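Participant: What follows is a single structure, and I will ask about it in a moment.
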Amino acid sequence: MLELNRAQDNCSAIEHLYSRRDALALAGAAIVAGALSCASRGSVRDTASAPTNLSPSLARARATLIEMQRTLLLKARADFGGGLVTYLPAASSTYIGIWPDDYIYPLIGDPASANPAELQQVAEFLTPAIVDLEYVPDRVEPGGLPILSPGGGEAMSWRMPMHMPAAWVRLLNIFESHGVRWPRRAELARVVARSFERVPFANGLVYIDPQRPSVGFGFNDSIWITGMELMSSLTLLRGFERGAELFKNDLPVETIHNWRERAASIRKNIHRLYDSALGGYMGGSRDGRQFSVWGSALARPLSGAEENANIIKTLGSKAAAIFKLGCTRHIAEPGGWTRTYGGGNGNIGYQNGGFWPTGTGYALPTLAAADLKFTETLATDLVNNIERLEFAEWIDAAGNPQGARNYLASTALPLMGLRAIAEGRDLLSYF
């Protein structure tokens, strides 16, 4: 049995609906013998299996979130020009365009919501915007304008976000699983290959120069995480594996071999970012040497029993700081990340300490392997609050909705987490 750190076990500190009993249950749970199946290494078959592994409570949460997300998908539709009408990342004016992560997450969480004819139109819209670029963009705006960096009027990164090739490979792959035929497919494969080549590595993991930081993982784009970087390494692991299968007939044998070697090297070296004293995986080996909640959960299939037990213990002992109203922070430290975009520590909130429904999708499968009761509490809290919170991108420490409203990732990632539990797979396999 794992013991909750008594210095942090204060009943009055447990946030809102999280009772002392729930926190103790999480921290005191025995680790389920054996791990769930390791991440699949090829293309993901994007048809959901029957949710036989879900408890009645989690099945209800999943059904409710599916219904909510399908409503959001209708609200978020916009005219992209040329006869294409499809959905934005949110039913609001905050994000206008197609981001590969935001577009595909809802279809992974709920594959039945995919409209193959519409996806074919999207593919024909995206192809000319991307195919002649030197590397894949951050997003494509209405009218077909590619934007290479996160940020509005000013670029937030001087180079391509590190995880971006993997995000586009995932989108290309899952579109094809729904019957899409990509125009100029071989040329798209070469854009992906050029993009992968732009990612620097050190010791087998994605490397971001501390002296000249750039964006790694998109959902951390306002945070400088440097050195060997966790989230981009994990997403690129799957990107290389997917890409090697997807483009094995489109690219030279040497390229496919190199991608498989890269993936194997990430698997072999991810332990370099594990720190037992921190309680799990750190976001980065230089800036961001802090417990990464989302990354530690996502890395579960690459970790041993001892490492996973330590991660569960950390989630339990710091539950009050991590979870609120069914939402989940990136980190446990109340002071935020050590270095943010623009210099210094920055304001507490958003990616620097906000509570995200998106993050709950990462947490659910890892928690379910240790404590079903707490997992059910977390999922139920999210379902009971998310509509009142306007499906916000994130909430602040007082529980107020912030950022984009009607944000699709707020339902999509929790649905991905519940799908992983239902199908007996690790969340990483869907990346």
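Participant: Out of the stretch 313-336, which residues are outside any helix (DSSP H, G or I) and among the aliphatic types (A, V, I, L, M)?
Facilitator: Matches in the stretch 313-336: L325, I331, A332.
Participant: Among (1) touching a helix residue (DSSP H, G or I) at 6+ places or on another chain (Cβ under 7 Å); (2) farther than 27 Å from I223 by Cα; (3) not aliphatic (A, V, I, L, M), there is one condition P137 misses while meeting the rest; what is its number?
Facilitator: (2)
Participant: Something else now. Under the condition of being out of contact with any strand residue (DSSP E or B) (no Cβ under 8 Å at 6 or more places or on another chain) and within 18 Å of K75 (Cα to Cα), which residue from the stretch 113-138 is surrounded by the fewest Cβ atoms within 10 Å (Cβ to Cβ)?
Facilitator: N115
Participant: N384 is checked against (1) modelled with pLDDT of 95 or more; (2) surrounded by 22 or more Cβ atoms within 10 Å (Cβ to Cβ) and fails just one. What number does that condition carry?
Facilitator: Result: N384 passes all but (2).
Participant: Ok, one more. Name the residue that is farthest from G216 (Cα to Cα), counting only residues in the stretch 322-340 that are out of contact with any helix residue (DSSP H, G or I) (no Cβ under 7 Å at 6 or more places or on another chain) and crowded, with 19+ Cβ neighbours inside 10 Å.
Facilitator: Checked the stretch 322-340; the qualifying residue farthest from G216 (Cα to Cα) is K324.
Participant: What are the residues in the stretch 353-378 that are within 22 Å of P89 (Cα to Cα) and either over 17 Å from the mean Cα position of the chain (by Cα) or of a type outside the set (A, V, I, L, M) (or both), if any?
Facilitator: G353, G354, F355, W356, P357, T358, G359, T360, G361, Y362
Participant: Considering every residue within the stretch 382-399, establish whether at least one is assigned to a helix (DSSP H, G or I) and within 30 Å of A305 (Cα to Cα).
Facilitator: Yes, the stretch 382-399 contains a residue that is assigned to a helix (DSSP H, G or I) and within 30 Å of A305 (Cα to Cα).
Participant: May I ask you to list pairs of residues, at least six apart or on different chains, whose Cβ atoms are under 9 Å apart, with the first in the stretch 143-159 being surrounded by fewer than 11 Cβ atoms within 10 Å (Cβ to Cβ) and the second being of a type in the set (K, R)?
Facilitator: Cβ pairs passing all conditions: W158/R212.
Participant: Determine which single condition R184 fails, assuming it passes every other condition in (1) surrounded by fewer than 17 Cβ atoms within 10 Å (Cβ to Cβ); (2) in contact with a helix residue (DSSP H, G or I) (Cβ under 7 Å, 6 or more places away or on another chain); (3) touching a residue at least 60 places away in the same chain (Cβ under 8 Å); (4) not β-branched (V, I, T).
Facilitator: R184 satisfies every listed condition except (3).
The values are calculated or read from the model by the stated rules, or taken from the named source; none is laboratory data. This one's a predicted model, so the numbers in the text were calculated from it and none came from an experiment. Positions of Cβ are generated from backbone atoms using ideal geometry, with glycine treated the same way; all protein chains shown enter the neighbour counts.
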